[in-house]
Number of protein chains: 2
Amino acid sequence: MARVDQLASERSKAQFDVDEMKIVWAGSRHAFQISDRISRLVASDPAFRKDNRAMLGRKELFKNTLRKAAHAWKRIIELRLTDEEASRLRFYVDEPAFTDLHWGMFIPAIKGQGTDEQQQKWLPLAYKMQIIGCYAQTELGHGSNIQGLETTATFDPQTDEFIIHSPTLTSSKWWPGGLGKVSTHAVVYARLITDGKDYGVNGFIVQLRSLDDHSPLPGITVGDIGMKFGNGAYNTMDNGVLQFDHVRIPRDQMLMRVSQVTREGKFVQSNVPRQLVYGTMVYVRQTIVSDASCALSRAVCIATRYSAVRRQFGSNNDGVETQVIDYKTQQNRLFPLLASAYAFRFVGEWLKWLYTDVTQRLQANDFSTLPEAHACTAGLKSLTTSATADAIEECRKLCGGHGYLCSSGLPELFAVYVPACTYEGDNVVLLLQVARFLMKTVSQLGSGKKPVGTTAYMGRVEHLMQSRCDAQRAEDWLKPSVILEAFEARSARMSVACAQNLAKFANQEEGFAELSANLTEASVAHCQLIVVSKFIEKLQQDIPGKGVKEQLEILCNIYALSLLHKHQGDFLSTGSITSKQASLANDQLRSLYSQVRPNAVALVDAFNYTDHYLGSVLGRYDGNVYPKLYEEAWKDPLNDSVVPDGYHEYIRPLLKQQLRNARL
Amino acid sequence: MARVDQLASERSKAQFDVDEMKIVWAGSRHAFQISDRISRLVASDPAFRKDNRAMLGRKELFKNTLRKAAHAWKRIIELRLTDEEASRLRFYVDEPAFTDLHWGMFIPAIKGQGTDEQQQKWLPLAYKMQIIGCYAQTELGHGSNIQGLETTATFDPQTDEFIIHSPTLTSSKWWPGGLGKVSTHAVVYARLITDGKDYGVNGFIVQLRSLDDHSPLPGITVGDIGMKFGNGAYNTMDNGVLQFDHVRIPRDQMLMRVSQVTREGKFVQSNVPRQLVYGTMVYVRQTIVSDASCALSRAVCIATRYSAVRRQFGSNNDGVETQVIDYKTQQNRLFPLLASAYAFRFVGEWLKWLYTDVTQRLQANDFSTLPEAHACTAGLKSLTTSATADAIEECRKLCGGHGYLCSSGLPELFAVYVPACTYEGDNVVLLLQVARFLMKTVSQLGSGKKPVGTTAYMGRVEHLMQSRCDAQRAEDWLKPSVILEAFEARSARMSVACAQNLAKFANQEEGFAELSANLTEASVAHCQLIVVSKFIEKLQQDIPGKGVKEQLEILCNIYALSLLHKHQGDFLSTGSITSKQASLANDQLRSLYSQVRPNAVALVDAFNYTDHYLGSVLGRYDGNVYPKLYEEAWKDPLNDSVVPDGYHEYIRPLLKQQLRNARL
């Protein structure tokens, strides 16, 4: 049977080599090949089917996830997959599960905070999944502020044990994924108390459930915290609640790499630098940025393909309506998101490099770049996750009414993505951290201390405060140097203005609180500059493939100029550009949209997503949307019978005016 | 038992008379009393319980809605409620159901488009719910563009019947609420074909199901279109799919108020002006604006109360953490939304007046204000629904992690609200309609035709093009005249700039398409001006109650100045204000936040929502959040057993390394 491809004509319009773009997107030929192979492996295995997720009740849904997780592990063993391949497999299974926390938080916590002996004892068990662990930090009454945690771990020198206890309701551990129903162990964060003194929050390995029959151990109350946003989505995960009633653990289950408690109950700090913790944060946030580009590109892929399939209004001469992707309003909303997907991909790639660099420096006891790297990753985490959450919803709206159907894939993608704005640092709190770093950088400018890394441009602050943008024609806005200088000037000027306003306050903390809204705006400006500059740097590399670099240049310019338009107020109020220049930039942006239009479908094909991974009838590779939407509808349980359950009790008495006597 | 009120101290801070504010919010003492009584009636009736909605499977959920709808109707009859009271009751039941479409679309369509005889025949049946109807317009392949509909109604003069037919898959009716499982009848929109000629889209009353056993009539295929966004949410509604295979209906079931087909098959237009249709659109969109203020105020109520309960970081001297509502970043995000809730309430009230005015004029054959009223309501529908959808999600984020739990009420509120951005006119399409009207208004300025209603300010365009904002101190931004002139200048200048750019195009339609992004921005500016000016007008009325007017003035200024900051780029690029003035406005905004802070909780209390209607643990009136969150968690079906279903099949084999032989 000939395969339908309703998007064939779109694909034939592409002016670049899609296969080469796939390599660029994947990061390397090697990465592409693994992703390509593993994603097909998952897609072709009926055990990983996910299109029925929205219709399952909570219990069925959860059991189904347990099955998939076990099946995935079985396949990983059978096929002797490498760690990299195994991780890709879990990624393409595309269902939040306890394994995410086991591999992503429990094991790294032990590796990062455990002593060598502790690692030798616990890691082999965890690697084989003979124990399953989670990461129990947040509490019912305490989220971002780790110092506010209430759970206690009191040392009992008599028995050489810690007593883990939940003194209040609000101290109940709350949210940890994998905790509610699956984990046998947890890394629990609790206030260390020894000899009557509180030494702050430390990590402890605590067994929660019997390895024989999975029942909770004495003193442990554990359960699921209930339904979360969306159909399917994170309801496949057993985010949990946990209370301790004087649970005793051996002293050697405190994670002792950084701090120790001796047999006598003395608290001792090791000589391991505490900054190592920041190295881990750089790592985790780098993966979040990379996830942002995945989620965003999925949504953009769906919206782009369906915008090419869908027709509305404005019939041509042949009576066929216009493809909605041809409308400028659609392009104006969609193409900046397409550009953002690529931008976030490249900045994520760069963050991977940054992490390697920081790690190497830390090993050589060089902490000089750490604060900047920390601020930069915090800011990029905030920027990319906020933008991605908004973009997924925008893509849903760009699909019109049908985007509201679960079969579009977009509702679940949104619901499953949005927590990224809150976890691992609330996005606004993170922007304030960036702002603190920026204010410090500005305040040290006179001192001869040279700003490094992504704040290096602040070293040219005198120039940037008075530079004038020299764009005179729309085409001038295609020059990387013009774009870069405008973004640098805007960011530098906003930071300096904040610093000047701060200086008017007698109490710096009060000033910081009062000006926090402006400070977050300065942080956003700084972070957008980073993304723009890393995209531009990427384009200075050698990028093979017919037309590939040209397309990326177009996308880079769209990313920058759409931001410039959106934040026109910043650029104008700081005098970084003039109104006339803003208007020229906007003219240029419009003409870039026309250039990207014929390549749009090919540019989302380059993400190389299988229909399984996309999980969207609207985003199908073959564009055969309507027959499939129709087919999907009939699968709803409500269509099991043509006369609905409840007709006799609740509809018929209504129609027959017999309600008065009906029992409802 | 003493009732807990964790928010008592917040309430005691209020500087105004909350009871009087409740009247202002409700619109009148009469409206307040009805809302208050009916909302308590619903809240106290266990049959209307809704806190278990997220956990129900689709079939259970739907059946439960049928039960509630029948119960509601029973109560309406038993209590002999007036139409107004009945409508409030359905509102407070707060669950999308087939009755929404029956009362809100089916009956109005017959009233609006049916002849007197048709109304006499069908309305009594509908009023008693002896038949249940829906509104079948959109098709699988056709949404906003009504002219693109494919369903046909071909007149057969031999039998004096219309043959209703779905010629293609894409012509299947798709989306109509109440269609899938409940409706016995529908108003179906189809292309009228008689004597071989296509007379465009008309409405027809078609019976779909037998009144005896509810089975679909011959030639009719009907079903549900499947799961939609969110838990509970619109999944309580049977949005349906419908196909006709040559279904015959008597000629007199064509709605013939505006057009008729004679016994001979002749198409005749009546002398009823077609503009009447626009009157109906003004009505429907006015209700949508009013719904926007309801949805927004619910979200704001939840976020405000929980922001006062929740504490994070920055402990005071007493060791208690700071209430998050005291953070400027929180205020900066939350208070503009609080102000928007009030702003939308008042503009909705004004739209109600506008509808009455338009109706009276139409009855007197005065069509002069209709285009302006139509553009105005289209724009306000777009503005308020987009802002509300975004605001609900922002409120969810403002509640931190717990906002992601279904028990917060916010996920469902979001999912149930967002379709408002798409139905009754996609928001971007509507903005383009507004833009068309604005361009027409500008082009007629020289012709002596005076712009009316909300575009009256355009009549002072010469002044507005060169006026200078005279704000010199932050306090100047408290003057209504200063605010109004800045918003008028911005809007007029953006429209004029668009008109000038349009004039450069030889082909106006091409120009309109090319500049559509700018045109929608001009529309937004115009609509924001309307909301601001109606808020200001409201404050010129006599508003009794201690401190009530003062609070509303603060909110009005917050609404205007937060918009001014957000759209600074518009104000600066058009030269409507200077950078210095923008900065002063922002300073003023910050100080307004401090003024609203002590009144915030009381300002959301004034919405007078019951805990039942709010449906949020985080937004509870008594602020007793954490114990209730904890309690809710245990209700999840996953907590039925402490060892989860699936342990033996999928977890134990993993832990015991027996996966190789497991059947998964």
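Is it true that B:SER516 is in contact (Cβ under 8 Å) with a residue 12 or more places away in the chain and in contact with a Lys or Arg (Cβ under 7 Å, 6 or more places away or on another chain)? Taking the combined requirement at face value, the residue satisfies it. Any idea how many residues of segment B:249-278 are basic (Lys, Arg), out of contact with any strand residue (DSSP E or B) (no Cβ under 9 Å at 6 or more places or on another chain) and modelled with pLDDT of 95 or more? Qualifying residue count, segment B:249-278: 1. Is there a residue in segment B:493-509 that is farther than 23 Å from B:LEU383 by Cβ, modelled with pLDDT under 95 and in a helix (DSSP H, G or I)? The answer is yes, given that some residue of segment B:493-509 is farther than 23 Å from B:LEU383 by Cβ, modelled with pLDDT under 95 and in a helix (DSSP H, G or I). Inside segment B:33-58, can you point out the residues that are modelled with pLDDT of 95 or more, closer than 24 Å to A:TYR647 by Cα and assigned to a helix (DSSP H, G or I)? Scanning segment B:33-58 gives B:VAL42, B:PRO46, B:ALA47, B:PHE48. Selection within segment B:419-463: residues that are of a type outside the set (Gly, Ala, Ser), surrounded by fewer than 16 Cβ atoms within 10 Å (Cβ to Cβ) and assigned to a loop (DSSP other than H, G, I, E, B). The member of this set that is farthest from the other protein chains (Cβ to nearest Cβ) is B:LYS450. Only one of A:ALA600, A:ALA560 is touching an Asp or Glu at 6+ places or on another chain (Cβ under 8 Å), in contact (Cβ under 8 Å) with a residue 60 or more places away in the chain and surrounded by 22 or more Cβ atoms within 10 Å (Cβ to Cβ); which? Step by step, each of A:ALA600, A:ALA560 is checked, and only A:ALA600 is touching an Asp or Glu at 6+ places or on another chain (Cβ under 8 Å), in contact (Cβ under 8 Å) with a residue 60 or more places away in the chain and surrounded by 22 or more Cβ atoms within 10 Å (Cβ to Cβ). Just checking, does segment A:128-144 include any residue being out of contact with any helix residue (DSSP H, G or I) (no Cβ under 7 Å at 6 or more places or on another chain), among the charged types (D, E, K, R), open to solvent by 20 Å² or more (accessible area, probe 1.4 Å) and on the phi < 0 side of the Ramachandran plot? Looking for residues that are out of contact with any helix residue (DSSP H, G or I) (no Cβ under 7 Å at 6 or more places or on another chain), among the charged types (D, E, K, R), open to solvent by 20 Å² or more (accessible area, probe 1.4 Å) and on the phi < 0 side of the Ramachandran plot, one finds at least one in segment A:128-144, hence yes. Do we find a residue being over 24 Å from the mean Cα position of the chain (by Cα), more than 14 Å from every other protein chain (Cβ to nearest Cβ) and among the aliphatic types (A, V, I, L, M) anywhere in segment A:466-480? Within segment A:466-480, one or more residues are over 24 Å from the mean Cα position of the chain (by Cα), more than 14 Å from every other protein chain (Cβ to nearest Cβ) and among the aliphatic types (A, V, I, L, M).
Answer yes or no: is there a residue in segment B:407-414 that is open to solvent by 10 Å² or more (accessible area, probe 1.4 Å), within 8 Å of chain A (Cβ to nearest Cβ) and over 24 Å from B:SER562 (Cβ atoms). Within segment B:407-414, one or more residues are open to solvent by 10 Å² or more (accessible area, probe 1.4 Å), within 8 Å of chain A (Cβ to nearest Cβ) and over 24 Å from B:SER562 (Cβ atoms).
The sole residue among B:HIS648, B:HIS567 that is over 30 Å from B:SER39 (Cβ atoms) and under 31 Å from the mean Cα position of the chain (by Cα) is B:HIS567. Might you let me know whether segment A:321-332 holds any residue that is assigned to a helix (DSSP H, G or I), among the hydroxyl-bearing types (Ser, Thr, Tyr) and under 17 Å from the mean Cα position of the chain (by Cα)? No, segment A:321-332 has no match at all. When restricted to residues that are on the phi > 0 side of the Ramachandran plot and surrounded by 13 or more Cβ atoms within 10 Å (Cβ to Cβ), segment A:643-664 contains 1.
Across segment B:394-404, the qualifying residues are those that are in contact (Cβ under 8 Å) with a residue 12 or more places away in the chain and either within 10 Å of B:VAL418 (Cα to Cα) or small (Gly, Ala, Ser) (or both), and the one among them that is farthest from the other protein chains (Cβ to nearest Cβ) is B:GLY403. Among the conditions (1) open to solvent by less than 30 Å² (accessible area, probe 1.4 Å); (2) at pLDDT 95 or above; (3) among the polar types (S, T, N, Q), B:SER481 misses just one, which is (1).
Just the residues that are under 24 Å from the mean Cα position of the chain (by Cα) and open to solvent by less than 20 Å² (accessible area, probe 1.4 Å), please, taken from segment A:146-173. Listed by number, the list holds a single entry, A:LYS173. When B:THR384, B:THR329, B:THR377 are screened for being without any contact (Cβ under 8 Å) to a residue 24 or more places away in the chain and buried (at least 19 other Cβ atoms within 10 Å of the Cβ), only B:THR329 passes. For segment B:32-48, a residue qualifies if it is farther than 16 Å from B:ARG90 by Cβ and under 26 Å from the mean Cα position of the chain (by Cα), and the qualifying residues are B:PHE32, B:GLN33, B:ASP36.
Would a scan of segment A:98-118 turn up a residue that is on the phi > 0 side of the Ramachandran plot, more than 13 Å from chain B (Cβ to nearest Cβ), in contact with a Lys or Arg (Cβ under 9 Å, 6 or more places away or on another chain) and open to solvent by 10 Å² or more (accessible area, probe 1.4 Å)?
no
Is there a residue being closer than 21 Å to A:ALA633 by Cβ, in contact with a helix residue (DSSP H, G or I) (Cβ under 8 Å, 6 or more places away or on another chain) and among the small types (Gly, Ala, Ser) anywhere in segment B:151-167? For segment B:151-167, residues closer than 21 Å to A:ALA633 by Cβ, in contact with a helix residue (DSSP H, G or I) (Cβ under 8 Å, 6 or more places away or on another chain) and among the small types (Gly, Ala, Ser): absent. In segment A:568-664, counting only helices (runs of 4 or more DSSP H) that sit wholly within it, the ones holding 1 or more residues that are more than 10 Å from chain B (Cβ to nearest Cβ) span A:579-596, A:600-605, A:611-614, A:625-633.
Among the residues of segment A:61-90, those that are within 24 Å of the chain's Cα centre (by Cα), of a type in the set (D, E, K, R) and either facing another protein chain (nearest Cβ under 7 Å) or more than 13 Å from B:LEU654 (Cβ to Cβ) (or both) comprise A:ASP83, A:GLU84, A:GLU85, A:ARG88, A:ARG90.
Taken over segment B:24-76, the residue count meeting the criterion of being touching a Lys or Arg at 6+ places or on another chain (Cβ under 7 Å) and hydroxyl-bearing (Ser, Thr, Tyr) is 1. Of the residues contained in segment B:18-32, none is found to be at pLDDT below 95 and in a helix (DSSP H, G or I).
For segment A:538-547, the criterion of a residue being under 22 Å from A:ALA435 (Cα atoms), open to solvent by 10 Å² or more (accessible area, probe 1.4 Å) and more than 27 Å from the chain's Cα centre (by Cα) is satisfied by no position.
For segment A:245-305, which fully contained strands (runs of 3 or more DSSP E) count at least 3 residues that are under 30 Å from A:ILE392 (Cβ atoms)?
In segment A:245-305, no matching strands (runs of 3 or more DSSP E) lie anywhere.
Picking from residues in segment B:197-237 that are among the small types (Gly, Ala, Ser), buried (at least 19 other Cβ atoms within 10 Å of the Cβ) and within 11 Å of another protein chain (Cβ to nearest Cβ), the one that is nearest to A:LYS228 (Cα to Cα) is B:GLY230. From the list A:ASP51, A:ASP100, A:ASP116, the one residue that fits, being among the acidic types (Asp, Glu) and over 28 Å from the mean Cα position of the chain (by Cα), is A:ASP116.
Is one or more of the residues making up segment A:622-631 within 23 Å of the chain's Cα centre (by Cα) and of a type in the set (Gly, Ala, Ser)? Within segment A:622-631 (the criterion being within 23 Å of the chain's Cα centre (by Cα) and of a type in the set (Gly, Ala, Ser)), the answer is no, since none of the residues qualifies.
The values are calculated or read from the model by the stated rules, or taken from the named source; none is laboratory data. Predicted, not measured: the structure shown is a model, and the values here were computed from it. Positions of Cβ are generated from backbone atoms using ideal geometry, with glycine treated the same way; all protein chains shown enter the neighbour counts. Please note that ligands, DNA and RNA were not included when accessible areas were found on the heavy atoms of the full protein model with its side chains. Shrake-Rupley method; radii C 1.70, N 1.55, O 1.52, S 1.80 Å.
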